[in-house]
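As structure tokens, the structure follows; a few thoughts come after it.
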Amino acid sequence: MFGMGGNSAINQATQGALGGAGTAAGRQSQMYGPEEAFLQSQISTKPGQMGAAEQANYQSQLAQNAANAQQNVRQGLAGINRSGMGGPSGAVSSLKNSALQGQQGANSQAYKTGLENTQQAGMQASGLMSGLQSIYNPNQYYQTAIGGGQAINQGESMGLGNIMGMAGAGASFL
């Protein structure tokens with residue numbers, strides 16, 4: 001058939017592209033595999049749940065909020081004692097209630113911040129996963145192989161058309 005030498009070169013290029021695709025897919029899984037577990041942990045949380053890092057930060061914030069509330073109560077009690085209002089005036093109860101409300105508000109804010117940070121970490125992890133998947137992307141090799149196959153098919157159909165055209169010209173010549 002016409003252009004067999006060209007088809008051989010295209011076949012070799014196509015086989016090379018398919019080999020490159022296999023190599024790229026292998027490298028992609030080697031590079032992507034170790035990071036995948038961590039990235040999945042950042043993405044796969046249920047609503048109202050925090051990631052591990054955010055949960056640890058939240059627990060630390062709760063402890064800090066409790067310490068701050070205790071410090072506020074101690075300072076307030078010292079002030080009440082200095083002013084001599086430690087009796088049945090209700091100042092101590094009011095102080096404790098205020099400190100508790102402040103702590104609860106700070107705890108709520110810490111929880112909200114933890115959830116927001118979890119969402120941000122998940123979004124960043126999704127972006128990183130996309131980036132990691134594009135490293136050693138085998139699709140470019142597959143596209144080259146497909147293009148080679150199409151070139152071979154197109155060349156063969158052109159050769160067949162030339163043969164048919166010559167046969168038709170010969171028949172009309174007779």
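The values are calculated or read from the model by the stated rules, or taken from the named source; none is laboratory data. Computed from a predicted model, the values in this text were never measured in an experiment. As a convention, Cβ positions derive from the backbone with ideal geometry for all residues, glycine included, and neighbour counts pool all protein chains shown.
Assorted remarks:
- The residues on offer are S41, S126, and the sole one that is under 30 Å from R27 (Cα atoms), surrounded by 15 or more Cβ atoms within 10 Å (Cβ to Cβ), within 19 Å of the chain's Cα centre (by Cα) and polar (S, T, N, Q) is S41.
- All positions within the stretch 70-97 that are surrounded by 13 or more Cβ atoms within 10 Å (Cβ to Cβ), free of Cβ contacts under 8 Å to residues at least 12 places away in the same chain and of a type in the set (G, A, S): A91
- Counting only residues that are among the polar types (S, T, N, Q) and within 16 Å of A110 (Cα to Cα), the stretch 38-59 holds 4 of them.
- Any chance G48 is of a type outside the set (A, V, I, L, M) and modelled with pLDDT under 75: no
- You will find that of L100, L115, L39, the residue that is among the aliphatic types (A, V, I, L, M), modelled with pLDDT under 80 and part of a helix (DSSP H, G or I) is L39 and no other.
- For beta carbons closer than 6 Å, sequence separation of 6+ or different chains, a first residue in the stretch 104-119 that is surrounded by 17 or more Cβ atoms within 10 Å (Cβ to Cβ) and a second that is aliphatic (A, V, I, L, M), the qualifying pairs are G114/M50; T118/M50.
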